[in-house]
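The next block holds one structure in the form of structure tokens; read it before the comments.
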Amino acid sequence: MIEAKQINKTFGGNHVLKNVSCMFDRGKTNLIIGQSGSGKTVLMKCLVGLFEVDSGQVIYDDRNFSVMNFEQRKNIRQEIGMLFQGSALFDSMTVMENVMFPLNMFTVHPYEEKRERVNFVLKRVNLENVENLMPSELSGGMRKRVAIARAIAMNPKYLFCDEPNSGLDPQTSGVIDLLIKEITEEYQITTIVNTHDMNSVLSTGDTVAFIFKGELWWKGNKDTILHTDNKELNDFVFGTELTSRLKK
Amino acid sequence: MKLFDSIGRYVILMSRVFTKPQKAKIFRHRLFDEFQHLGIESLGIVAFISMFMGAVVAIQTAYNIDSPLIPLSMVGFTVRQSVILEFSPTVISLILAGKVGSRIASEIGTMRVTEQIDALEIMGVNSANHLIFPKIVASLIMNPILIVFSMWLGILGGWIAMMASKLVTSTDYVYGIRLDFEGFTIFYALFKTLFFAFIISSVSGFYGYETRGGALEVGQASTKAVVVSSILIILFNLVLTQLLLT
Ligand SMILES: Nc1ncnc2c1ncn2[C@@H]1O[C@H](COP(=O)(O)OP(=O)(O)O)[C@@H](O)[C@H]1O
Ligand SMILES: [Mg+2]
């Protein structure tokens, strides 16, 4: 479980996050939704410590992350996997080296064991025979899968995904969403996913937090989100041609 | 104000760079990669420029000696002095600032804007140390080797030019090269080289690491890295020359 307590974050004079408090449950896919520019990425980066918060706290299962130094955070970081918007694969390394990287860095297992783990996670994300390809040789969807494989290589307790289906076609998006949901339940991970895609919300949203202009505006789940009278949320949910027609 | 701000951020970054690598084996691996990228791959351009510059200095000197009182061995002497004292350590370092500096800044800058640096940090890796430290160490080791190589080739280029043009005999040229040779000049040149190597790799690493935005900003960071390290090389060359030769 991850808890955000009254997080504030400003960039210069731009107050991006305003007193955001939220709980994210274990074994569930917890979504953060909102328009582009509403502060989803900033919130996620504050949770993992890529940005320092101005005020507020982030608690990882009773451990106060906000007051730790780099060395103390390193222990928690090894329990975190993160999937970045552009996949962020190391482009000078093969798929195999990418996935093995955290294992090489933080474990002392023999090569064979690491290799076995890499094969296992690649298989888990339904990739085969790509070990020796470079990231530039993969399609967008495959890069996402490799990034997921790398994120779960160390058996994380916490998984963060920033717009996992940005730049993918709807069908591939669905596959990636489902994969994240399955892995979350299978390994009982606390998963947090940023998205503005209503398909993902309705198929995977165990909990849903709606961020509007940097404030936590609404909390619920994939079922309650269709029956709310919150105006800003309705504008967001029924903002597209498809969803508004469905509503009628 | 902005200058002091940059210097402050540079110092903070360097304090993160100079820490113990997480895994010695991975560090060694990256170091050998950088020997290749920053050193071996620069051999060609260094050889080309050194040979031709040595040749030009020799030809210029030979044509400008028209008094019979000045012995022709002065040609070898002049080539040796100018190549060892200034041409190899300073001019070749400037060339390397262009070649190696832009490579470092664009590589690290690209990793920044594509969130690869964030990915390292998330895993708990000190990205500044992981990315920049091997480049600095590799430059400190490879640049002196390149510069000594350049000295040899510069002097050789002068000799070849003299043989081809028949302006000076081989005996005279070689006599000039050996005339009043002081080992200190090599020490002086290598000291400067080490200093410049540190400027090139750390300043370029800094501009790459500080990149924010996209492809355009990566290009700008790489240009800035080259310009700033070149200016610093020229400035410190003056300071070091004053300090070491007086
Ligand atoms: N590194 C940064 N420096 C300054 N401002 C930033 C930075 N990152 C994000 N912002 C600002 O924060 C706001 C929210 O951005 P972001 O969290 O990326 O939105 P999104 O919800 O689309 O992920 C935007 O106004 C953006 O300009
Ligand atoms: Mg975003």
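The values are calculated or read from the model by the stated rules, or taken from the named source; none is laboratory data. Every value quoted in this text rests on a predicted model; they were computed, and no experiment measured them. In this analysis, Cβ positions are derived from the backbone assuming ideal geometry, glycine residues included, and neighbour counts consider all displayed protein chains. The accessibility values were calculated without ligands, DNA or RNA, using every heavy atom of the protein model including side chains. Shrake-Rupley method; radii C 1.70, N 1.55, O 1.52, S 1.80 Å.
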Discussion item. A:K219 - would you say it is more than 16 Å from ligand 2 (Cβ to nearest atom), in a strand (DSSP E or B) and either modelled with pLDDT under 95 or more than 14 Å from every other protein chain (Cβ to nearest Cβ) (or both)?
Written reply: yes
Worksheet item: Name the residues in the range A:80-128 that are open to solvent by 40 Å² or more (accessible area, probe 1.4 Å), assigned to a loop (DSSP other than H, G, I, E, B) and either closer than 12 Å to B:M123 by Cβ or away from chain B (no Cβ under 14 Å) (or both), would you?
Response: A:N126, A:E128
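Condition check ((1) modelled with pLDDT of 95 or more; (2) open to solvent by less than 90 Å² (accessible area, probe 1.4 Å); (3) assigned to a helix (DSSP H, G or I); (4) in contact with a helix residue (DSSP H, G or I) (Cβ under 6 Å, 6 or more places away or on another chain)) across all residues:
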position	(1), (2), (3), (4)
B:G176	no, yes, yes, yes
B:F181	no, no, no, no
B:T185	no, yes, yes, yes
B:A197	yes, yes, yes, yes
B:T211	yes, yes, no, yes
B:S222	yes, yes, yes, yes
B:A225	yes, yes, yes, yes
B:V228	yes, yes, yes, yes
Response to the item:
Those residues of the range B:19-44 that are farther than 17 Å from B:G205 by Cβ and at the interface with chain A (Cβ under 10 Å from one of its Cβ atoms) come to a total of 5
Fill in: Residue among A:N75, A:N64 that alone is more than 16 Å from ligand 2 (Cβ to nearest atom), closer than 24 Å to A:F24 by Cα, within 13 Å of chain B (Cβ to nearest Cβ) and among the polar types (S, T, N, Q)
A:N75
Response to the item:
A:I152 meets each of (1) open to solvent by 40 Å² or more (accessible area, probe 1.4 Å); (2) more than 16 Å from ligand 2 (Cβ to nearest atom); (3) within 14 Å of chain B (Cβ to nearest Cβ); (4) within 29 Å of A:M134 (Cβ to Cβ) with one exception, condition (1)
Item to complete: Would you check if A:D25 is open to solvent by 30 Å² or more (accessible area, probe 1.4 Å), more than 15 Å from ligand 2 (Cβ to nearest atom) and within 22 Å of A:L233 (Cβ to Cβ)?
Response: yes
Worksheet, complete the sentence: Within the range B:27-82, of all residues that are among the acidic types (D, E) and either farther than 24 Å from B:N129 by Cβ or under 15 Å from the mean Cα position of the chain (by Cα) (or both), the one surrounded by the fewest Cβ atoms within 10 Å (Cβ to Cβ) is B:D66
Worksheet item: In the range B:111-170, what count of residues is obtained for those that are farther than 19 Å from B:L96 by Cα, open to solvent by 20 Å² or more (accessible area, probe 1.4 Å) and away from chain A (no Cβ under 11 Å)?
Response: 11
Fill in: Enumeration of residues in the range A:28-61 that are without any contact (Cβ under 8 Å) to a residue 60 or more places away in the chain and away from ligand 2 (no atom under 16 Å from the Cβ)
A:G49, A:E52, A:V53, A:D54, A:S55, A:G56, A:Q57, A:V58, A:I59
Worksheet item: If you take the residues of the range A:30-60 that are open to solvent by 40 Å² or more (accessible area, probe 1.4 Å), more than 10 Å from ligand 1 (Cβ to nearest atom) and part of a loop (DSSP other than H, G, I, E, B), which of them is nearest to the other protein chains (Cβ to nearest Cβ)?
Response: A:E52
Response to the item:
Within the range A:157-169, the residues that are within 13 Å of the chain's Cα centre (by Cα) and either within 16 Å of ligand 2 (Cβ to nearest atom) or open to solvent by 10 Å² or more (accessible area, probe 1.4 Å) (or both) are A:K157, A:F160, A:C161, A:D162, A:E163, A:P164, A:N165, A:S166
Practice prompt. Answer with yes or no whether A:I180 is open to solvent by less than 40 Å² (accessible area, probe 1.4 Å), away from ligand 2 (no atom under 16 Å from the Cβ) and within 14 Å of chain B (Cβ to nearest Cβ).
Written response: no
